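Asks: Here you go, one structure.
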Amino acid sequence: MERIAMSQKERDDLDWLKRIRAGTITQRAGAEKMGVSDRWVRTLIKRLNKQGDATVVHGLRGRPSNRKLSDEIRRQALGIVKQPDWHDFGPTFAAEQLGKLHRIQVGKETLRGWMIEAGIWQPKSRRREAAHFWRPRRSAFGELVQWDTSEHDWLEGRGPVRYLVRMIDDATSWSWGRFVERDATPHNMGVLWEYLDKNGRMVDVYTDRDSMFAVSPRPGESAEEERRADRLTQLGRALRELGIGSILAYSPQAKAYASYCTFCEPQTTFSGKRRRLASLTPCAFRGGLAPGCSYSQSSRSFNG
């Protein structure tokens, strides 16, 4: 008798059936282990007594499927698909037309395989999308601070535009910001000094590659030449003197992540903003925001 190779699943099922037959476990427990019903277990036990170990092996193992289409149908289908009028038919449309025009019933995936084997159809390679993983947060407050400026029109055109320079701690998401007249080096330097005065020195800051933070490389200059030139902005020189590391965002994804720290525009109407700002003198006057008004994300409020 020909020896039949079993899969691991079939060997496990055979072991459970023999235990059930020996009485070491119940039929219900064995059925749960095998993932079948109690009734099917009783049927398999009867077959095991008659057929032996081959009971767990499918009867069509090594034999063609009963649903396999004949070679004659395969030749007819491919002969039609190879015709010039069918040169631009894909497997799905070709299978529909074979059934409609020639009464040849064949599944689209079966026809796809036939067409690929015959060289009529080229399978489209599925591009594997790049996986982007969230980097882990820093472990303690002050290890990394994200720094960016929001250009949101806080007063919706009804007053002078103020810029919000905002800093957010990476480990705790605690943030602090200040409204300034212009997004310029002196104002950002003042915000940095006030943050250091309140919270102490951070280890690193994470910013975009704005001209305030980074000097653009010169045309034709290599990375090594740029490193040797050691050109710094005023903010870059200040960070170096303070011993604070500077991490610049290079990719669009990193830039968007850095810009996240400035996305805190209130989801309220202008009248609601006026009511909130009116009680915060001197930060609010004549419907405007005075330079030096701060914003705290932890309380979502304006502070003078």
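Asks: Largest first, what is the accessible-area ranking of Arg63, Arg135 with a 1.4 Å probe? Intermediate values should be presented prior to the final figure.
Replies: On the way: Arg63 150, Arg135 100 Å².
Highest to lowest solvent-accessible surface, that is Arg63, Arg135.
Asks: To continue, here is another question. Give the Kirkwood hydrodynamic radius (Å, one decimal) of the stretch 98-195, defined as one over the mean of 1/r across all pairs of different Cα atoms.
Replies: The answer is 19.5 Å.
Asks: For Lys82, what accessible area in Å² do you get when you roll a 1.4 Å probe over the heavy atoms of the protein chains, rounding to the nearest 10?
Replies: Rounded to the nearest 10, that gives 130 Å².
Asks: Moving on. Can you send over the solvent-accessible area of Thr43, 1.4 Å probe, protein chains only, in Å² to the nearest 10?
Replies: 50
Asks: As a test question: what accessible area, to the nearest 10 Å², does His102 have when a 1.4 Å probe is rolled over all protein chains in place?
Replies: 80
Asks: Now for a separate question. Taking 7 Å along the Cα-to-C-beta vector as the label spot, tell me the Val215-Tyr250 distance in nanometres, rounded to one decimal.
Replies: Taking the simple label geometry, Val215 and Tyr250 are separated by 2.0 nm.
Asks: For the stretch 91-121, state which trypsin sites (Lys or Arg not before Pro) are in a DSSP loop and have at most 10 other beta carbons lying within 10 Å of their beta carbon.
Replies: Within the stretch 91-121, the qualifying trypsin sites (Lys or Arg not before Pro) (loop, at most 10 other Cβ atoms within 10 Å) are Arg103.
Asks: If you don't mind, another one. Please list, short to long, the whole-number percent of alpha-carbon pairs of the stretch 36-119 in consecutive 10 angstrom bins beginning at zero.
Replies: Final binned percentages: 14, 35, 14, 15, 17, 4.
Asks: I'd like the Karplus ³J(HN,Hα) series for the stretch 9-20: coefficients 6.51, -1.76, 1.60, θ = phi - 60°, whole numbers in Hz, and an x wherever there's a Gly or Pro.
Replies: Ordered by residue, 3J(HN,Hα) equals 5, 5, 5, 5, 4, 5, 5, 5, 5, 5, 5, 5 Hz.
The values are calculated or read from the model by the stated rules, or taken from the named source; none is laboratory data. These figures come from a predicted structure and were not determined experimentally. For neighbour counting, all protein chains shown are included, and Cβ atoms are generated from backbone atoms with ideal geometry for every residue, glycine included. Keep in mind that these areas ignore ligands, DNA and RNA; they rest on the heavy atoms of the full protein, side chains included. Shrake-Rupley method; radii C 1.70, N 1.55, O 1.52, S 1.80 Å.
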